[in-house]
Each structure stands twice: as C-alpha cells, then as structure tokens.
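Note sheet for the following structure.
Bear in mind that the values in this text are calculations on the coordinates, not laboratory data. Just so it is clear, the model here is predicted, and its values are computed rather than measured. Glycine gets a Cβ as well: all are built from the backbone with ideal geometry, and neighbour counts include every protein chain shown.
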C-alpha cells in the first residue's frame with residue numbers, strides 16, 4: 001500500500017543527510033510509473049526509488065537494482081537530458097502531506113523533482129526555478145508551463161483526526177524491524193514490504209517492452225528475407241550462363257553483329273543436341289559472350305554472399321519467434337534478468353583507475369542514454385567507422401587536426417538529441433590535438449557520408465554534408481561521461 005505521511009517523514013529524515021550534496025549520475029524508469037535515481041554521494045553510491053504507482057506510491061533507497069528496459073521511455077529521456085549530473089541541494093516533505101520535493105542544481109540552474117505520493121492521483125513532476133512545470137509523468141502536457149500548486153485532497157464525510165489516521169495506518173501496516181546492521185533501516189523495511197510487487201512490475205514492463213521490439217524485429221526480418229530471396233532467385237536464372245558463354249566462345253566465327261540468336265551444338269550434353277542461344281542485337285559476338293559470363297559471375301556472387309545472409313536472416317527470424325513464444329508462455333528470461341538485482345554498495349570499493357576496459361574502443365553513455373564509442377588509435381578508428389558503425393549513426397571528429405573517430409549509435413531514422421551531440425563533441429575534442437587548448441570546432445555527420453581516402457594511412461577519411469559545433473571542455477560534463485564509461 002502507499003506510504004502514509006508519517007512514514008514519508010521518517011524515510012525523508014533518514015535519507016536526506018546521505019543524499020544532500022550528492023549528484024545524480026544515472027536515471028532509470030523500470031516501470032511506467034516509477035523512477036530510480038542513482039546518486040553518487042561522498043563515500044557511497046545510493047539508489048533512490050520514486051514510485052507513483054496508485055497502490056504502492058512511495059520513496060525509499062534500494063539495496064538492489066531493478067531490471068530496466070533497453071530503450072528508456074520519453075519521460076526518462078527528458079529527465080536524463082535536464083537533471084542527469086545535477087547536484088542535490090536537499091530533500092524535503094510538504095508538512096503533513098504525502099508530497100516530497102528533491103531540490104537540485106542542474107546545468108540550466110535550480111530546479112525541483114516533486115513526488116506526489118498521493119495514491120490514485122500520484123505523480124512525478126519536474127519544476128523550474130520559478131516552480132513552473134517542465135514535465136509531468138501522469139498529467140503530461142496538461143500542466144506543462146503552468147505554475148505548480150500543491151494538490152488539495154478531497155474532504156471526507158467524517159474525517160478522523162490526522163493523528164488518528166496515522167495511528168490506524170501504522171497499526172495496519174507496521175514497519176518490519178531490520179535484520180542485522182542496516183545503514184538505512186526505514187528504507188530497508190519499506191523495500192522489503194513492497195519489493196515483490198515492484199520487481200514483478202519491472203519484469204512485466206521489461207517483457208512487454210521486449211515483446212514490442214520483437215514484433216518490430218519480426219516484420220523487419222521478414223522483409224529482409226523476402227528481399228534476399230528475390231535477389232537470389234533473380235541471380236539463380238544466370239546459373240547456366242557460363243555454359244552459354246563457353247558455347248558462344250567456341251562459335252564466335254559463326255556469329256555476326258545484329259543476330260537475334262544463334263544455334264550451336266551443346267557439347268556439354270552427352271547427346272550433343274542443338275541449342276538456340278538468344279543474343280543482344282546491339283552487341284558484337286564478343287560482347288554477347290562477355291555478357292553471359294558477367295551474368296554468371298553475378299550468380300556466383302549471389303551464391304557466395306546472399307545465400308549465407310539469407311541463412312543468417314532465417315536463423316534470426318526463428319530465434320525471434322522462439323523468444324516471442326517464450327514471452328507469451330512466461331518462460332522468458334532477458335539478459336538483464338540474469339543478475340537483475342545487483343546490490344549497490346553503501347561503501348566505496350577499491351578500483352584500479354588505469355585498468356583497461358574490455359573490448360575495442362572507449363565506451364561512454366550520453367546524457368540521453370545513447371552509447372558513444374571512441375577509437376583509441378588509427379586501427380581502431382578504421383574499424384569503428386567502417387566495420388562497427390551503421391550508416392545512420394552519428395560520426396564526429398575534431399576539425400582540421402589529428403584525433404579519434406567518435407560514433408554515436410542511433411536507431412534508423414532517429415535524430416541525435418542536442419545534449420548527446422555536445423557529449424560526443426566534447427569527447428572528440430578531448431581525444432584530439434585540441435585538448436591542450438580546451439576548445440575548438442568539431443564536425444559531425446551521418447556515418448554514410450564518411451568515405452575512406454585511397455592510398456592514405458588507416459583512419460584517413462573524406463567527409464561530406466557535415467555540420468560543425470564549437471565546444472569547450474566542460475569538466476562537469478567530462479566527469480559524468482567518465483563515470484558512465486566505468
């Protein structure tokens with residue numbers, strides 16, 4: 001059930017000192033009506049749950065992470081763009097009410113994240129410095145741009161006193177006593193009380209999100225298979241054309257330009273029958289022979305290249321169909337659920353600062369949650385741009401100076417958010433010869449407009465349809481990006 005005002009007051013008193021002066025390093029939306037904020041505070045990393053679920057509206061710290069969808073919802077993306085990296089100035093409760101305000105200082109200035117934990121009308125809202133609503137989870141655009149007003153609770157016919165209400169709620173749902181030494185006993189008790197429901201909601205949300213992705217993938221795979229089959233069937237018509245070319249080669253002396261066909265002895269058939277071969281009237285005998293050999297080479301190329309791609313696409317289709325069946329039968333386990341509730345340490349653990357990251361390229365996550373890849377050297381630049389990147393991915397490089405290739409992974413047809421462009425441009429500047437000056441121009445374009453330069457060293461490219469952005473090294477932005485790389 002939802003938290004009472006007294007329970008909210010208890011948890012706010014407990015966690016506020018630990019959150020104050022921390023900063024929001026990651027934001028997730030594990031279910032349609034809840035957020036988790038990963039907060040880096042002095043000496044520890046904490047995860048704060050804010051739930052606007054009508055039945056379990058609440059806030060408290062989490063000792064375990066919840067599974068999250070691969071693609072963040074639009075509300076989560078907006079918060080990432082505006083308050084990820086923000087400093088926490090304080091956490092406070094509206095006196096006697098089930099409303100909590102998280103006061104922040106973000107890049108644009110002071111703002112507040114408000115959690116209305118009021119049962120059926122629960123909501124999460126982001127306010128600007130003047131308390132105007134920037135975005136709301138439930139009420140959406142209805143309140144955007146309007147001044148925020150604390151909701152008025154509807155009167156009851158015979159309302160008991162506030163103290164009596166709280167005594168009844170506390171008696172009906174007593175907080176469990178923490179087991180062992182818990183740094184946040186109230187949060188721990190609240191988490192255990194409703195943990196099962198939140199985990200089930202997160203898993204179901206993850207299943208539904210994956211099911212939607214699978215349905216799109218099935219349509220895309222079916223279209224790809226149909227196109228590959230059409231190309232392969234067309235090329236298969238040229239299977240016997242090598243034979244025709246050889247027969248024309250042996251009978252060039254019998255042919256003249258302008259013939260529509262020629263009849264020859266088929267030496268490839270033991271019965272040696274006559275075979276009539278069509279000719280192109282506009283081509284010479286040599287030209288007709290070359291044309292048949294050329295079309296046969298197309299068949300060989302299709303057999304060598306299209307056939308394996310077709311087999312791979314059919315396997316992918318079968319895998320997606322099997323995964324859809326597993327989701328429908330509720331036997332599906334996503335990779336994110338193999339270790340779905342990884343504990344978040346309350347104490348710092350030793351980390352080797354210069355330990356190499358596994359896999360090629362430097363890897364970061366943008367403010368909007370998009371992956372950014374940075375080449376470490378010329379070989380990695382070449383591999384990143386021409387083997388790893390997709391045609392619609394965003395490609396960046398410091399203008400007019402040696403440096404790393406930077407790629408932002410984008411969905412087909414998607415436009416990169418402005419903050420993501422600034423993040424990627426900052427990395428392009430950092431890993432270039434402009435680093436010492438701390439500022440400079442970075443060009444960016446789609447990867448499909450980047451071409452290799454023939455005869456030049458690996459990583460040398462020519463770029464068209466590029467745009468430019470001037471950036472300066474922002475240490476707050478860099479700290480957040482470096483944190484995301486770990």
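For helix 418-430, report the angle its Cα long axis makes with the longest principal axis of the Cα atoms of the chain; keep it between 0 and 90° and round to the nearest 10°.
In the chain, helix 418-430 runs at an angle near 70 degrees to the longest axis.
Between the alpha-carbon centers of region 35-72 and region 426-442, tell me the distance in whole angstrom.
35 Å
Helix 475-485: angle to the longest alpha-carbon principal axis of the chain, degrees 0 to 90, nearest 10?
That works out to roughly 70 degrees.
Which FRET efficiency value, to the nearest 0.05, do you get for residue 437 and residue 16 by plugging their Cβ-Cβ distance into 1/(1 + (r/R0)^6) with R0 = 41 Å?
Details: r = 42 Å, r/R0 = 1.03.
It comes out at approximately 0.45.
For a label point 7 Å from the Cα of residue 309 along Cα→C-beta, name the residues of region 385-418 whose backbone N is under 14 Å from it.
Label zone hits: 391.
Could you check the spin-label model distance between residue 290 and residue 276? Points 7 Å from the Cα along Cα→Cβ, value in nm.
Going from the residue 290 label point to the residue 276 one covers 2.8 nm.
Beyond 33 Å, what percent of the Cα pairs of the chain remain?
Details: 65765 of 117855 pairs.
The answer is 56 percent, as a whole percent.
Write down the Kirkwood hydrodynamic radius of region 237-318, to one decimal in angstroms, obtained as one divided by the mean of 1/r over all alpha carbon pairs. Kindly include the intermediate steps, with their values, before the conclusion.
Working: mean 1/r = 0.0703 Å⁻¹.
After inverting the mean inverse Cα-Cα distance, the result is 14.2 Å.
Please find the FRET efficiency linking residue 70 to residue 451, where r is the Cβ-Cβ separation and R0 is fixed at 30 Å, and quote it to the nearest 0.05.
Numbers: r = 32 Å, r/R0 = 1.05.
Efficiency for this residue pair is about 0.45.
Find how much the distance from residue 44 to residue 121 grows on full extension, using 0.36 nm per residue of separation minus their present alpha carbon separation; answer in nm with one decimal. Mind showing how you got there, number by number?
Details: separation 77, 0.36 × 77 = 27.72 nm, distance 3.35 nm.
Computed gain between residue 44 and residue 121 is 24.4 nm.
Normalised by the residues of the chain, what does the relative contact order come to in percent, with Cα pairs under 8 Å and at least six apart?
Numbers: 822 pairs, mean separation 57.1, N = 486.
Relative CO of the chain lands at 12 percent.
Taking a temperature of 20 °C and a viscosity of 1.002 mPa s, what whole-number D in µm²/s does Stokes-Einstein yield for region 419-486 with Rh from Kirkwood over alpha carbon pairs? It would help to have the intermediate numbers written out before the result.
Numbers: Rh = 13.3 Å.
Rounded to a whole number, D works out at 161 µm²/s.
To the nearest 10 degrees, how steep is helix 5-19 against the longest Cα principal axis of the chain, on a 0 to 90 scale?
70 degrees
Give me the base-10 log of I(q)/I(0) for region 362-485 at each q in 0.22 Å⁻¹, Debye formula, one uniform scatterer per Cα, rounded to two decimals.
Log-scaled intensity ratios, in q order: -1.36.
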